[in-house]
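Below is one structure, written out as structure tokens; the observations come after it.
The values are calculated or read from the model by the stated rules, or taken from the named source; none is laboratory data. These figures come from a predicted structure and were not determined experimentally. Please note: Cβ atoms are built from the backbone with ideal geometry, for glycine as well, and neighbour counts cover all protein chains shown. SASA here: full protein model, heavy atoms, side chains in, ligands and nucleic acids out. Shrake-Rupley method; radii C 1.70, N 1.55, O 1.52, S 1.80 Å.
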Amino acid sequence: MTLSTVEQPSKIWWKEAVVYQIYPRSFKDSNADGIGDIAGIISRLDYIADLGVDVIWLSPHFDSPNADNGYDIRDYRKVMSEFGTMADFDNLLREIKARGLRLIIDFVGNHTSDEHDWFEQSRRDQNDPMRDRYIWHPGIDGKEPNNWTSFFSGPTWTKDTGSGEYYLHLFSHKQPDLNWADDATRNAIYDDMRFWLDKGIDGFRLDVITMISKPLGLEDFGPQYDADPAQYYAKGPELHRYIQEMNQQVFSRYDIMTVGEAFGVPLTDTKLFVDDRRAELNLILNFDAVRIDRGETWRRKDWTLPDLKAVFTNMNDSIDAHCWNTVALSNHDNPRLVSHFGDDSPKWHDLSAKLLATLQLTLRGTPFVYQGDELGMTNFLFADIGDYRDVETLNAWDQDVVHGATPPAEFLDHNRHTARDHARTPMQWTDAPHGGFTDGPTPWIAANSNASHINAAAATADDASIYHFYRRLIALRRQMPALIYGDYTDLCPDHPTLFMYSRRLDDASVLVVLNVSSDPLPFALPRGFDQSVATFGNYSGDQCGDLRGWEARIYQ
Ligand code: ISL
Ligand code: CA
């Protein structure tokens with residue numbers, strides 16, 4: 001009887017790739033209007049390619065009134081005028097391919113803008129042929145049909161006075177949810193997906209994909225979901241049927257990468273979305289790590305390193321050889337990586353940003369680097385609500401402070417750590433005004449004054465910078481298959497500040513050692529690694545003996 005070897009995952013490009021997310025509004029402005037644009041991205045593609053990443057994830061570039069900065073699409077086949085033209089998009093795709101990179105775009109299929117012509121038709125009257133493209137309800141006794149609450153405050157229902165019914169919107173009232181139960185709606189979305197795939201893009205990040213099937217009968221959710229209705233909205237009965245149909249009708253006909261935003265889905269459900277035998281998605285983005293310090297809505301809560309380590313072990317244990325994971329500790333909806341999980345004080349900023357780079361790029365799964373992580377960009381010191389731009393924050397302020405009992409100072413204190421706008425301040429290119437993001441007088445959101453020393457020009461010129469640390473780590477990852485296809489074992493899950501894990505593949509084994517604190521830490525190599533040598537680290541000079549503050553080492 002032959003020993004059954006542990007089944008190995010199949011090898012494919014999106015398992016080996018490092019993904020770099022661009023939020024176009026904040027990346028680079030080329031025409032001095034204070035808003036990032038596609039020409040600006042093209043002007044910085046060499047900077048991205050030099051980092052060594054493989055795939056660019058572009059946040060929505062479609063025509064939009066920007067109620068939610070492009071996550072409210074008005075026309076799926078038009079480029080947002082602030083970002084440029086379709087010719088600019090075609091040029092961007094060509095320039096990305098010319099550098100050997102791939103492009104996935106952010107497809108928002110759960111909802112459209114209320115200015116989309118589908119919605120303008122649908123709301124014309126209750127008998128319009130487009131009525132079923134969205135989710136309408138007469139209401140009950142003159143009130144909203146159920147107790148669902150919007151992620152952007154208030155109920156998920158708005159009464160449309162023209163046609164006399166309520167329509168559903170899980171997000172802003174300017175983002176009506178599409179009715180995926182309607183065949184014509186799904187087929188129209190599939191046509192819009194093919195329009196971009198036929199241009200040669202390499203796949204999609206699928207926004208709020210887990211909520212496209214609404215809970216049966218639009219029933220109220222129970223009190224267990226009060227703190228997090230997302231888990232209720234993500235339990236729609238037809239969800240996997242829709243995704244399997246999407247795969248069959250669209251994805252399966254192209255060599256692409258699909259990554260679903262798995263908001264509201266527990267790690268234990270990962271296999272249901274990414275098991276290659278189910279023909280649904282390749283990857284999902286889970287939020288257990290990135291929202292580990294998140295209480296209700298905008299509130300923060302305490303967490304410990306063992307809590308975070310448990311997420312990565314649970315993530316690893318939730319899949320088998322037919323699945324793959326992602327490692328995403330930052331994006332356009334969450335605070336800046338080094339401020340969120342590191343220490344952005346002057347003394348520890350550089351070291352902790354490099355430690356977090358090591359974590360991101362050696363855990364098991366496809367890493368997602370968010371624009372500016374590679375520079376160690378930090379949170380912004382928002383002084384007042386007037387500094388914010390995000391509909392989520394502004395609506396919450398109106399509901400909880402202006403019309404609620406939350407003291408302004410309490411709201412501002414929590415949002416100083418949790419607000420989405422931290423990730424949306426302009427990319428810092430130089431020490432010029434506004435971080436060189438724009439030559440115009442006023443960027444759409446203020447730039448961080450620390451662009452004076454945290455900027456791409458300084459970083460690319462300094463071989464000891466965080467940028468070059470990322471670049472060397474990405475190159476190392478490519479040379480070490482164990483860091484991609486190796487297994488994952490946490491060697492000290494309960495230690496309060498030491499994060500130490502192994503990655504093993506065949507006879508290669510790698511040990512990653514991270515002192516996630518500013519305190520020195522006595523250290524001895526664990527059994528099985530006592531002959532290993534530290535070959536990579538964030539401190540210069542020899543790396544042996546006790547661990548210094550925020551010290552990261554990779555042993556082979
Ligand atoms: O802040 C959040 C919820 O309170 C985020 O987690 C986010 O709203 C959620 O993950 C869904 O995000 C996606 O869809 C939203 C858009 O605002 C986000 O930018 C996008 O990432 C609606 O399209
Ligand atoms: Ca511009």
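For a paramagnetic label modelled on Gln399 (point 7 Å from Cα along Cα→Cβ), amide N atoms under 20 Å away belong, within the range 185-220, to 208-212, 214-215, 218-220. Once you have a ≥ b ≥ c as the square roots of the Cα gyration tensor eigenvalues for the range 1-155, tell me rounded if a/c is under 1.5, and otherwise prolate or oblate according to whether a/b is larger than b/c. Oblate.
A simple rule links phi to the HN-Hα coupling: the Karplus curve 6.51 cos²θ - 1.76 cosθ + 1.60 with θ = phi - 60°, which for the range 256-267 gives 9, 10, 10, 10, x, 7, 8, 5, x, 10, x, 3 Hz, with x for Gly and Pro. The stretch between Gln231 and Gln126, if pulled fully straight at 0.36 nm per residue, gains 34.7 nm over its current Cα-Cα span.
Per residue, the accessible area of the chain comes to 38 Å² when a 1.4 Å probe rolls over the protein heavy atoms. Model label sites at Thr442 and Asp255, defined 7 Å from Cα along the beta-carbon direction, differ in position by 4.9 nm. Could you compute the FRET efficiency for Asp33 and Ser449, with r as their C-beta to C-beta distance and R0 at 22 Å, rounded to 0.05? Calculated value: 0.50.
Peptides 339-348, 72-81, 199-208 ranked from most to least packed, by the mean per-residue count of other Cβ atoms within 10 Å: 199-208, 72-81, 339-348. For the range 1-142, what is the relative contact order in percent, using Cα pairs closer than 8 Å and at least 6 residues apart in sequence? Relative contact order of the range 1-142: 20 percent.
Note on His495 and Leu216: the model spin-label points, each 7 Å out from Cα along the C-beta direction, lie 4.9 nm apart.
Annotation: Cα Rg of the chain relative to the compact-globule expectation 2.2 N^0.38 Å equals 0.96. Split the accessible area of the chain by element, probe 1.4 Å, and carbon with sulfur accounts for 50%.
With +1 on each Lys and Arg Cβ and -1 on each Asp and Glu Cβ, and nothing else charged, work out how big the dipole of the range 373-520 is about its Cα centre, in Debye to the nearest 20.
Numbers: 10 positive and 21 negative charges, 109 e Å.
Charge dipole of the range 373-520: 520 debye, to the nearest 20.
Taking 8 Å as the Cα distance limit and 6 or more residues as the minimum spacing, I'd like the relative contact order of the chain as a percentage. Reported as a whole number, the value is 13 percent. Axis of helix 408-418 versus longest Cα principal axis of the chain: the two differ by about 60°, to the nearest ten degrees.
For Asp220, the residues 5 or more places off, or on other chains, whose built amide H falls under 5 Å of its own are Asn147.
How far, in nm, would the chain grow between Asp506 and Thr535 when pulled straight, counting 0.36 nm per residue and subtracting the alpha carbon separation? Could you put the intermediate results ahead of the total?
Numbers: separation 29, 0.36 × 29 = 10.44 nm, distance 1.95 nm.
Stretched out fully, the Asp506 to Thr535 stretch lengthens by 8.5 nm.
Note on surface exposure: Tyr388, Tyr232 rank Tyr232, Tyr388 by accessible area, highest first, 1.4 Å probe.
Applying 1/(1 + (r/R0)^6) with R0 = 35 Å to the Cβ-Cβ distance of Arg194 and Asp487, what FRET efficiency is obtained, to the nearest 0.05? Kindly include the intermediate steps, with their values, before the conclusion.
Values: r = 38 Å, r/R0 = 1.08.
About 0.40, to the nearest 0.05.
Straight-line cross-link reach from Lys159 at under 22 Å between alpha-carbon atoms covers these lysines, not counting any fewer than eight positions away in the same chain: Lys143, Lys174, Lys214. Helix 239-249 and the longest principal axis of the C-alpha atoms of the chain enclose an angle of approximately 90°. What separates the Cα centres of the range 2-60 and the range 242-259 is a distance of 20 Å. Considering helices alone, the calculated mean residue ellipticity of the chain at 222 nm is -7500 deg cm²/dmol, with DSSP H runs of length four and up weighted by -39500 (n - 2.57) and normalised per residue.
Here the Karplus curve 6.51 cos²θ - 1.76 cosθ + 1.60, taken at θ = phi - 60°, turns the phi angles of the range 371-382 into couplings of 3, x, 3, 5, 10, x, 4, 10, 4, 9, 7, 5 Hz, with x standing for Gly and Pro. Spatial offset of the range 189-224 relative to the range 507-556 amounts to 43 Å, using the alpha carbon center of each. For the range 376-498, just say rounded, prolate or oblate: build the C-alpha gyration tensor, square-root its eigenvalues into a ≥ b ≥ c, call rounded for a/c under 1.5, and beyond that prolate if a/b exceeds b/c, oblate if not. Oblate, since a/c reaches 1.5 and b/c is not below a/b.
Count Lys and Arg as plus one, Asp and Glu as minus one, and take only other residues whose Cβ is under 15 Å from that of Phe263; the net charge is then -4. Length gained on full extension, His137 to Ser81, computed as 0.36 nm times the residue gap minus the Cα-Cα distance: 16.8 nm.
In order along the range 198-208, the phi-based Karplus estimate (6.51 cos²θ - 1.76 cosθ + 1.60, θ = phi - 60°) of 3J(HN,Hα) comes to 5, 7, x, 5, 9, x, 9, 9, 9, 5, 6 Hz; Gly and Pro are listed as x. If you count only protein heavy atoms and use a 1.4 Å probe, how large is the accessible surface of His137, to the nearest 10 Å²? The accessible area of His137 comes to roughly 40 Å².
Accessible area of Trp57 (1.4 Å probe, protein heavy atoms only, ligands and nucleic acids ignored): about 10 Å².
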